[in-house]
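Have a look at the structure below, then the notes.
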Amino acid sequence: MDLKGFLDEKVEKYNQPSFITLDPISIPHRFTKKQDIEITAFIASILAWGQRKTIINKCLELFEMMDNAPYDFMRNHTESDLKPFLSFKHRTFNDIDTLYFVEFFSWYYSNYDSLETAFLQGYSEDVNVMGLLLTNFHDFFFNLPDAPQRTRKHIATPKRKAACKRINMFLRWMVRQDDKGVDFGIWKTIQPSQLICPCDIHVDRVGRKLGLITRKQTDWITATELTHKLREFDPADPVKYDFALFGLGVEEKF
């Protein structure tokens, strides 16, 4: 079997509803309102480092503080509602970061209907537009006057040569459309063909073993190199292979 056939088989195996339970994507799957899905998916993806079980538990803890109605919380909370967040921490993500995320979403959703708009600055149909979109999103996210310097490290940008794993994963969740029910596909402007493969430690390792990555370090150029290779297998939906590479790395210790 050729490499494409092998990976297509693994996509079929892992791009299934059973994938959801143990993955951070299970968090936004608890919600039905579009804005709740956007907020919880974004925050879950940003907190997605470390063990998946811990990530999920931390997200549950955080959204419990918002009465499990994050969009309503962003629109209507009072000053005193913010006190519980002073004790929230996940690895290096602390109360300062949490409160800025709340401040940004509160401001954002009082001006815009969907988070997709924040990712469309500079949008074109160019298949390689994602570097520009992520750079512009980072600058937009920190455009509020009191944006803390320390929080910038939690939102990756190609400008800092980061692989932008978490943001690319979030965009996969929002943009990819298939009939498997894992990714949401609720955003319609950015196309699946324009997505960049999230390059986490498992995807990186398996990608190198399969000869899909040649670059020595792991950065934005590596993520785009991997995606260009995957586009040869499926130009319309290259990032579906994230399921195959991740599944091979985590489940099969490939």
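The values are calculated or read from the model by the stated rules, or taken from the named source; none is laboratory data. Note that the coordinates shown come from a computational prediction; the quantities given were computed from them, not determined experimentally. Glycine gets a Cβ as well: all are built from the backbone with ideal geometry, and neighbour counts include every protein chain shown. Side chains are part of the model used for accessible areas, which takes the heavy atoms of the whole protein and leaves out ligands, DNA and RNA. Shrake-Rupley method; radii C 1.70, N 1.55, O 1.52, S 1.80 Å.
Annotations
- The stretch 103-140: chymotrypsin sites (Phe, Trp or Tyr not before Pro) in DSSP loop, at most 13 other beta carbons within 10 Å: Y112
- The helix-only estimate of mean residue ellipticity at 222 nm for the chain, built from DSSP H runs of length n ≥ 4 each weighted as -39500 (n - 2.57), is -14000 deg cm²/dmol after division by the residue total.
- Whole-number percent relative contact order across the stretch 1-115, with pairs defined as alpha carbons under 8 Å at least 6 apart: 22 percent
- Percent accessible area from carbon and sulfur atoms, the chain, protein chains only, probe 1.4 Å: 52 percent
- Using a cutoff of 8 angstrom between alpha carbon atoms and counting only pairs six or more residues apart, the relative contact order for the chain works out to 20 percent.
- One decimal place: the segment R150-L22 gains 43.1 nm when fully extended, by the rule 0.36 nm per residue minus the C-alpha distance.
- If you plug the beta carbon distance of D178 and E79 into 1/(1 + (r/R0)^6) with R0 = 45 Å, you get a FRET efficiency near 0.55.
- A viscosity of 0.890 mPa s and a temperature of 25 °C, combined with the Kirkwood radius over C-alpha pairs in the Stokes-Einstein formula, give the chain a diffusion coefficient of 132 µm²/s.
- Annotation note: trypsin sites (Lys or Arg not before Pro) in the stretch 174-210 located in DSSP loop regions with a Cβ neighbour count of at most 12 within 10 Å are K188.
- Å² per residue, accessible surface of the stretch 1-128 at 1.4 Å: 49 Å²
- Listed pairs K161/K216; K13/K165; K34/K161; K180/K240; K89/K153 exceeding 19 Å between Cα atoms: K13/K165; K34/K161
- Cα gyration tensor category, rounded, prolate or oblate, for the stretch 205-244 with a/c compared to 1.5: prolate
- Subtracting the Cα-Cα distance of W107 and V127 from 0.36 nm times their residue separation leaves 4.1 nm of extension gain.
- A straight line joining the Cα centroids of the stretch 95-172 and the stretch 180-195 runs 18 Å.
- For q = 0.10, 0.16, 0.17, 0.18 Å⁻¹, Debye-computed log10 I/I(0) when each Cα of the stretch 57-167 counts as one equal scatterer: -0.33, -0.83, -0.92, -1.02
- The stretch 114-218: C-alpha gyration tensor shape, a/c 1.5 cut-off, then a/b vs b/c: oblate
- Computed lengthening from M1 to E252, 0.36 nm per intervening residue step minus Cα-Cα distance: 88.5 nm
- Evaluated with a Cβ-only charge set (Lys, Arg +1; Asp, Glu -1), the stretch 130-254 carries a dipole of roughly 540 debye about its Cα centre, given to the nearest 20.
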